[in-house]
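Engineer: Pasting a structure below so you can have a look.
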Amino acid sequence: MKEMAFDYPKTHLFHFALFLVLILRSANVEGLNVGFYANSCPLVESITSNVVKQTLSVAPSLSGPLLKMFFHDCFVRGCDASILLDSPTNQAEKDADPNKTFRSGFEIIDRVKSALEMHCPGIVSCADIIALVSRDVVVQTGGASWEVETGRRDGRVSLRNEAFSELPSAASDITFLKLLFLQKGLSVKDLVVLSGAHTLGISHCAAFKKRLYNFDGTGDINSTDPKMDPNYVAALRKKCTNNNNDTFVQMDPGSSKVFDGHYYELVSKRRGLLESDAALLDDDETRKYVETHKIKGNQRSFFKDFAISMVNLGRVSVLTGNAGEIRKVCSRTN
Ligand code: HEM
């Protein structure tokens, strides 16, 4: 009886959360569709993918920032390109610490925008460019393709503080991550699948240094995160000395420029770099996904899931129809 009394509200909460996910999703889909620019800018996809191809051929390490940009845009005010706006007083999203590591990623979006403005001026939103570029990056680094829904419009507001409050920190635990994703209309499966994006790119030591030194907060530099393989801790400590914040390491060592399913093998071996990666072992559903997809033969299933979850991510609080605007220049409102 006692157990039932405990389980009842939990089940209710879960169903309510699921209900919320479905409501948010269906509410956001209107106005978005595959081929939105078929008549107004038929070459949008080939022009975009050519710029991505040229970029990655000379700077393959930009794949990481360009994929991450879609996540960081969509989680703050929805996928509205608010991440691209400049602020004269440095108070825009791009001025928040988590957004200071895009290297020349913003310039690549500008390059796509300029190419598109020459071909079909005033038609393609910067928010759609970010979505298309993220898909092209995945394809061109070895992942699977998907059809990108378009029709997003650009927002007019970008606030530094919102980037701090809406983007998860590297130290987030599984309860927080699940809740945050649910708030955005994304499921627990979307969380574990999209985390697989950490197959690409790098992380600065600052994001995970706490796991290597003084983990218990008592000042003991030999206190490390018990959730990380001690051999991996030792290897990372050699790269990230205690007083160096600028150094970075590959998130998926050895194949950080290739989009593959190796991330799940790392996480299952307790070699996920961030606490948020390791946290995927702390929940039944996410752990099961990790364990199933650590096997190379299941990479195809991860690719299929990733495509679906990226479409879901691209639906978060979008502006469509007459809302927002189509910016002429991605870094400022019209
Ligand atoms: C689940 C919560 C997540 C957290 C807490 C998180 C956190 C982080 C952190 C701290 C870094 C390292 C940044 C740096 O030091 O430069 C990073 C890198 C990265 N993240 Fe995430 N992330 C999450 C989810 C995602 C999602 C959903 C995507 C994309 C769909 C993504 C894509 C990436 C990529 C590609 C990189 C490498 C960036 C580069 O090479 O510069 N992340 N993430």
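The values are calculated or read from the model by the stated rules, or taken from the named source; none is laboratory data. All values derive from a computational prediction rather than experimental measurement. Counting neighbours? That spans all protein chains shown, and the Cβs are built from the backbone with ideal geometry, glycine included. These area figures cover heavy atoms from the full protein model, side chains too; ligands, DNA and RNA do not enter into them. Shrake-Rupley method; radii C 1.70, N 1.55, O 1.52, S 1.80 Å.
Engineer: Have a look at S331, S268, S255, S317 and point out the one that is touching a His at 6+ places or on another chain (Cβ under 7 Å) and of a type in the set (G, A, S). Full working, then the answer.
Structural biologist: Details: S331 fails: touching a His at 6+ places or on another chain (Cβ under 7 Å); S268 fails: touching a His at 6+ places or on another chain (Cβ under 7 Å); S317 fails: touching a His at 6+ places or on another chain (Cβ under 7 Å).
Criteria check complete, one pass: S255.
Engineer: So is T89 part of a loop (DSSP other than H, G, I, E, B), without any contact (Cβ under 8 Å) to a residue 24 or more places away in the chain and surrounded by fewer than 24 Cβ atoms within 10 Å (Cβ to Cβ) or not?
Structural biologist: Yes, satisfied.
Engineer: Here's another thing I want to ask about it. Across the stretch 40-70, what is the total count of residues that are open to solvent by 70 Å² or more (accessible area, probe 1.4 Å), over 22 Å from T150 (Cβ atoms) and among the hydrophobic types (A, V, I, L, M, F, W, C)?
Structural biologist: 1
Engineer: Sticking with this one: Would you point out the residue of the stretch 206-224, among those that are within 23 Å of G64 (Cβ to Cβ) and either open to solvent by less than 20 Å² (accessible area, probe 1.4 Å) or in contact with a strand residue (DSSP E or B) (Cβ under 6 Å, 6 or more places away or on another chain) (or both), that is farthest from the ligand (Cβ to nearest atom)? Give the derivation first.
Structural biologist: Of all residues in the stretch 206-224, those within 23 Å of G64 (Cβ to Cβ) come to 206-212.
From the residues that got through so far, the ones that are either open to solvent by less than 20 Å² (accessible area, probe 1.4 Å) or in contact with a strand residue (DSSP E or B) (Cβ under 6 Å, 6 or more places away or on another chain) (or both) too are 208, 211-212.
Numbers: F208: 8, R211: 12, L212: 14 Å.
Filtering the stretch 206-224 for residues that are within 23 Å of G64 (Cβ to Cβ) and either open to solvent by less than 20 Å² (accessible area, probe 1.4 Å) or in contact with a strand residue (DSSP E or B) (Cβ under 6 Å, 6 or more places away or on another chain) (or both), the one farthest from the ligand (Cβ to nearest atom) comes out as L212.
Engineer: Run down S203, S134 and say which single residue is in a strand (DSSP E or B) and open to solvent by less than 30 Å² (accessible area, probe 1.4 Å). Spell out how you get there, then give the answer.
Structural biologist: On the way: S134 fails: in a strand (DSSP E or B).
Residue meeting the stated conditions: S203.
Engineer: For the stretch 170-194: of the residues being in contact with a Pro (Cβ under 8 Å, 6 or more places away or on another chain) and surrounded by fewer than 19 Cβ atoms within 10 Å (Cβ to Cβ), which is farthest from S301 (Cα to Cα)? Steps first, please.
Structural biologist: Of the residues in the stretch 170-194, the ones in contact with a Pro (Cβ under 8 Å, 6 or more places away or on another chain) are 176-177, 180.
Remaining after also requiring surrounded by fewer than 19 Cβ atoms within 10 Å (Cβ to Cβ): 176, 180.
On the way: F176: 26, L180: 25 Å.
The qualifying residue farthest from S301 (Cα to Cα) is F176.
Engineer: Consider only pairs whose beta carbons are under 9 Å apart and that are at least six residues apart or on different chains; among these, list those whose first residue lies in the stretch 189-202 and is touching a residue at least 60 places away in the same chain (Cβ under 8 Å) and near the ligand (Cβ under 8 Å from one of its atoms) and whose second residue is open to solvent by 10 Å² or more (accessible area, probe 1.4 Å) and basic (K, R).
Structural biologist: L191/K178; A197/K68; L200/K68; L200/K257; G201/K68; G201/K257
Engineer: Moving on. Yes or no: the stretch 233-251 includes at least one residue that is crowded, with 16+ Cβ neighbours inside 10 Å, among the hydroxyl-bearing types (S, T, Y) and either on the phi < 0 side of the Ramachandran plot or assigned by TED's automatic domain parsing to the domain that holds F75 (or both).
Structural biologist: No; the residues of the stretch 233-251 include none that is crowded, with 16+ Cβ neighbours inside 10 Å, among the hydroxyl-bearing types (S, T, Y) and either on the phi < 0 side of the Ramachandran plot or assigned by TED's automatic domain parsing to the domain that holds F75 (or both).
Engineer: Could you list, in sequence order, the residues of the stretch 167-185 that are near the ligand (Cβ under 9 Å from one of its atoms) and within 24 Å of A144 (Cα to Cα)? Lay out the reasoning, then the answer.
Structural biologist: Narrowing the stretch 167-185 to residues near the ligand (Cβ under 9 Å from one of its atoms): 167-172, 177, 180-181.
Listed by number, the list holds a single entry, F181.
Engineer: Here's a follow-up. In the stretch 142-153, is there at least one residue being open to solvent by less than 10 Å² (accessible area, probe 1.4 Å), basic (K, R), in a loop (DSSP other than H, G, I, E, B) and within 23 Å of G321 (Cα to Cα)?
Structural biologist: Yes, some residue in the stretch 142-153 is open to solvent by less than 10 Å² (accessible area, probe 1.4 Å), basic (K, R), in a loop (DSSP other than H, G, I, E, B) and within 23 Å of G321 (Cα to Cα).
Engineer: Which of the residues belonging to the stretch 306-326 are closer than 23 Å to H262 by Cα and either out of contact with any Gly (no Cβ under 8 Å at 6 or more places or on another chain) or more than 12 Å from the ligand (Cβ to nearest atom) (or both)?
Structural biologist: Taking the stretch 306-326 as the starting set, the residues that turn out to be closer than 23 Å to H262 by Cα are 306-313.
Across the stretch 306-326, the qualifying residues are A307, I308, S309, M310, V311, L313.
Engineer: Tell me, which residue of the stretch 271-285 that is closer than 19 Å to Q299 by Cα and crowded, with 18+ Cβ neighbours inside 10 Å is farthest from the ligand (Cβ to nearest atom)? If you could, list the steps in order and put the result at the bottom.
Structural biologist: First, the residues of the stretch 271-285 that are closer than 19 Å to Q299 by Cα: 271-272, 277, 280-281, 285.
Within this subset, residues satisfying the condition of being crowded, with 18+ Cβ neighbours inside 10 Å are 271-272, 277, 280.
Numbers: R271: 16, G272: 11, D277: 8, L280: 9 Å.
Among residues in the stretch 271-285 that are closer than 19 Å to Q299 by Cα and crowded, with 18+ Cβ neighbours inside 10 Å, the one farthest from the ligand (Cβ to nearest atom) is R271.
Engineer: Continuing with the same structure: Could you list, in sequence order, all residues of the stretch 56-71 that are more than 7 Å from the ligand (Cβ to nearest atom) and touching a Leu at 6+ places or on another chain (Cβ under 6 Å)? Lay out the reasoning, then the answer.
Structural biologist: Looking only at the stretch 56-71, we keep the residues that are more than 7 Å from the ligand (Cβ to nearest atom), and these are 56-60, 62-63, 66, 69.
Listed by number, the list holds a single entry, S63.
Engineer: Go through the stretch 223-240 and report how many residues are over 24 Å from the mean Cα position of the chain (by Cα) and under 13 Å from A278 (Cβ atoms).
Structural biologist: 6
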